Every structure is written in C-alpha cells, then in structure tokens.
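Report on one structure; see the data block that follows.
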C-alpha cells in the first residue's frame with residue numbers, strides 16, 4: 001500500500017491536470033512498448049512503434065524497464081509546462097540526482113556502458129538522451145494525441161465536475177479502483193509496495209495518462225513535487241479507449257496518389273532541384289516537374305527559382321500532412 005498523507009493545505013493545493021504530461025507519456029509508452037499487455041488497446045500502436053524505433057529511441061529502453069523502477073529525472077515536473085520545458089529540466093538534472101538514480105536502476109537491471117558516462121556528466125550523452133526523448137514523443141506519442149485527447153478531455157471534465165459537486169473524496173473511486181480515502185490519507189493499493197508520502201503542504205498533482213495502463217504511478221523521491229499519474233478510463237466500467245492508429249501513410253497516398261505522395265516524402269528529405277527530386281522518387285524528370293508543380297499549387301511545397309534553377313522545399317502545411325503519416 002502506498003499511503004499519501006494530506007493536511008488542510010494539501011487538499012487546497014491538489015489539482016487535476018487538464019491534459020497528459022508529455023514526458024510521463026513517453027516513459028509509460030516505453031513501458032508499454034516492451035510488454036504484450038492489453039493487445040486490444042495498445043497492439044496496433046506497439047506493432048508500428050517497434051517497427052520504426054530509431055537508434056536514439058532504442059537507447060531509451062535501457063532507462064525504462066517495463067516493470068519496476070524508472071529514474072525520476074525522466075519525468076520532471078517542468079514537463080507540465082510543455083515538452084520543451086520538460087526536456088530542458090531533464091538536461092539540467094543535478095549530477096548528484098543523476099548518479100543516484102542511475103545507480104538505483106543498476107540494482108535491478110543491467111545497464112549499458114554509456115550510462116556510466118551519462119552519470120559522470122558527459123554532456124554529449126545527455127544531449128543524445130534528450131534528442132531521443134524528443135524523437136519518441138514526436139514520432140510515437142504526438143501522432144496519437146487526437147485520440148488521446150478524445151478520451152482524456154471528457155474524463156477530466158467529469159472529474160472536475162465531481163469535485164465541484166461532491167468534493168475530493170468522491171473523486172477518488174472514479175479515478176481508479178486502487179484508490180481509497182480515509183481522511184487524511186489517500187491509499188493506493190499497489191502490489192509489493194509499502195511506503196508513506198507526506199505532502200507537507202505541497203499538494204498533489206493528479207495527471208491523466210493514456211499509456212498508464214494498470215496502476216497509478218508516482219515518483220520515488222519524496223522530495224520531488226508530488227504527482228500521481230492515473231490511467232484514463234473512457235467509461236464507468238473501466239474500459240480504456242482503444243488506441244488504433246489509422247494507416248495515415250496509406251491515407252496520404254489515397255489523397256494524393258502513390259507517386260505524388262512519394263514525391264512529397266522525397267522533398268521532405270531536404271531541399272532539392274527537380275532533377276534531384278526525380279532521382280529520389282525514381283521517376284522521370286518531366287514527371288517530377290509536374291508533380292512538384294501540383295504540390296506547389298496546392299500549398300504543400302514551396303518552390304524557389306534562382307535564374308534557370310529551382311529548389312523545392314517542404315513547407316509547414318506539407319510537413320503537417322506528412323507528420324500524420326509517421327508513427
């Protein structure tokens with residue numbers, strides 16, 4: 001049992017986050033990625049994410065084992081202000097905290113050699129870690145956000161109404177079956193855990209999560225800002241909304257045609273001339289010119305002409321179309 005001790009100030013300062021914390025979703029997404037739990041919920045996403053995991057993203061798995069301890073520095077409270085604020089906080093993790101948490105992780109899992117250099121403060125490795133977190137969020141979490149928001153927004157609205165109408169005590173059974181309240185203690189029924197956390201006037205931030213699939217989650221370090229991350233439930237039965245990622249790449253091809261979709265993707269690799277575009281897309285020069293013209297006319301590509309040469313560049317609209325096509 002995880003026991004969270006409140007006083008009057010804590011009750012006044014407890015808040016319900018209106019949206020998921022981006023770095024908690026990254027961490028919990030990494031947990032889900034390594035398991036096989038709830039295939040009807042996460043199976044489609046997991047299959048696609050595993051197939052498209054980059055080297056940078058793969059390194060994150062060492063720090064996020066699917067069960068047991070994960071370092072607190074991966075989910076700083078600053079991420080409540082947005083992904084970039086959270087990543088800045090990760091990069092600024094105090095050396096003592098970084099060393100202590102990686103040492104604790106090494107007690108339960110075998111860590112690769114680069115983590116020792118990370119603990120020693122090697123700047124390039126921290127930069128690489130931050131890049132991996134940003135990449136995983138951009139390619140694996142952000143494309144799911146419309147579906148995630150569709151589950152979380154009505155749930156949070158319902159919880160806020162419950163608190164306003166019936167008080168904090170009435171909210172807890174709605175959040176998760178493992179939560180129970182016996183004033184002034186909130187108990188979280190979690191296997192193999194017996195801990196006490198005293199809020200001491202700091203309050204508690206309740207954060208909804210799509211990828212928190214079984215039990216609520218908390219930070220281990222009692223000195224950090226208290227947070228309880230709870231699984232989103234779409235209805236009173238506790239059934240989570242299914243994460244089913246549509247075939248966006250196929251949808252773009254259906255919209256533009258396979259060849260034109262390939263041309264758009266080729267331009268996304270970097271500014272190129274028409275002849276370079278033809279080589280990238282594996283089509284004739286005349287075909288490349290025509291497709292680039294249509295993409296320019298429809299506002300997906302910007303074409304700059306200098307003398308007799310042209311350069312085709314993906315613009316924000318075209319980038320937005322392709323972002324939805326990446327897992």
| task | Filter segment 267-279 for residues that are modelled with pLDDT under 90 and in a helix (DSSP H, G or I) and give the result. | result | 268
| query | Within segment 239-253, is there a residue that is surrounded by fewer than 15 Cβ atoms within 10 Å (Cβ to Cβ) and either outside any loop (DSSP other than H, G, I, E, B) or modelled with pLDDT of 55 or more (or both)? | reply | yes
| request: Using the structure shown, decide if residue 88 is at pLDDT 95 or above and either in a loop (DSSP other than H, G, I, E, B) or outside the structural domain of residue 207 (by TED's automatic domain parsing) (or both). | output: no
| task | Kindly list the number of the only condition in (1) exposed (fewer than 15 other Cβ atoms within 10 Å of the Cβ); (2) modelled with pLDDT under 95 that fails for residue 151. | result | (1)
| If only one of 48, 13, 117, 110 is within 18 Å of residue 142 (Cβ to Cβ) and in the same structural domain as residue 226 (by TED's automatic domain parsing), which one is it? | 48
| task | Among the residues of segment 102-130, write down those that are under 21 Å from the mean Cα position of the chain (by Cα) and over 18 Å from residue 33 (Cβ atoms). | result | 125, 126, 127, 128, 130
| query | Has segment 69-79 got any residue that is more than 14 Å from the chain's Cα centre (by Cα), crowded, with 16+ Cβ neighbours inside 10 Å and closer than 16 Å to residue 111 by Cα? | reply | yes
| The one condition in (1) surrounded by fewer than 14 Cβ atoms within 10 Å (Cβ to Cβ); (2) at pLDDT 95 or above; (3) within 19 Å of the chain's Cα centre (by Cα) that residue 206 fails to fulfil | (1)
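Between 295, 300, which is in contact with a strand residue (DSSP E or B) (Cβ under 7 Å, 6 or more places away or on another chain), modelled with pLDDT of 85 or more and within 29 Å of residue 145 (Cβ to Cβ)? Lay out the reasoning, then the answer.
On the way: 300 fails: in contact with a strand residue (DSSP E or B) (Cβ under 7 Å, 6 or more places away or on another chain).
Only one candidate qualifies: 295.
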| field | Residue selected from segment 277-298 under the condition more than 36 Å from the chain's Cα centre (by Cα) and within 22 Å of residue 317 (Cβ to Cβ), by the criterion surrounded by the most Cβ atoms within 10 Å (Cβ to Cβ) | value | 288
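Results for (1) in a helix (DSSP H, G or I); (2) touching a residue at least 24 places away in the same chain (Cβ under 8 Å), shown as yes or no for each residue.
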residue: 147; (1), (2): yes, yes
residue: 157; (1), (2): yes, no
residue: 165; (1), (2): yes, no
residue: 181; (1), (2): no, no
residue: 208; (1), (2): no, yes
residue: 214; (1), (2): no, yes
residue: 221; (1), (2): no, yes
| Quick check: is even one residue across segment 110-117 part of a loop (DSSP other than H, G, I, E, B), touching a residue at least 12 places away in the same chain (Cβ under 8 Å) and at positive phi? | no
| Which residues, counting only those in segment 299-318, are under 13 Å from residue 263 (Cα atoms) and surrounded by fewer than 17 Cβ atoms within 10 Å (Cβ to Cβ)? | 313
| All but one of (1) surrounded by 14 or more Cβ atoms within 10 Å (Cβ to Cβ); (2) assigned to a helix (DSSP H, G or I); (3) modelled with pLDDT of 95 or more hold for residue 93; which doesn't? | (2)
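Listed here are the residues, each with its yes/no results for (1) within 22 Å of residue 186 (Cβ to Cβ); (2) free of Cβ contacts under 8 Å to residues at least 24 places away in the same chain.
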position: 13; (1), (2): yes, no
position: 28; (1), (2): yes, no
position: 32; (1), (2): no, no
position: 36; (1), (2): no, yes
position: 43; (1), (2): no, yes
position: 50; (1), (2): no, yes
position: 55; (1), (2): no, yes
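Do you know which residues across segment 303-327 are more than 30 Å from residue 146 (Cβ to Cβ) and either in contact with a strand residue (DSSP E or B) (Cβ under 9 Å, 6 or more places away or on another chain) or in the same structural domain as residue 47 (by TED's automatic domain parsing) (or both)?
Within segment 303-327, 303, 304, 305, 310, 311 qualify.
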| field | Every residue from segment 108-129 that is surrounded by fewer than 17 Cβ atoms within 10 Å (Cβ to Cβ) and under 20 Å from residue 49 (Cα atoms) | value | 128
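The values are calculated or read from the model by the stated rules, or taken from the named source; none is laboratory data. None of the values given here were measured: they were computed from a predicted structure. Cβ coordinates were reconstructed from backbone atoms using ideal geometry, including for glycine residues, and neighbour counts include every protein chain displayed.
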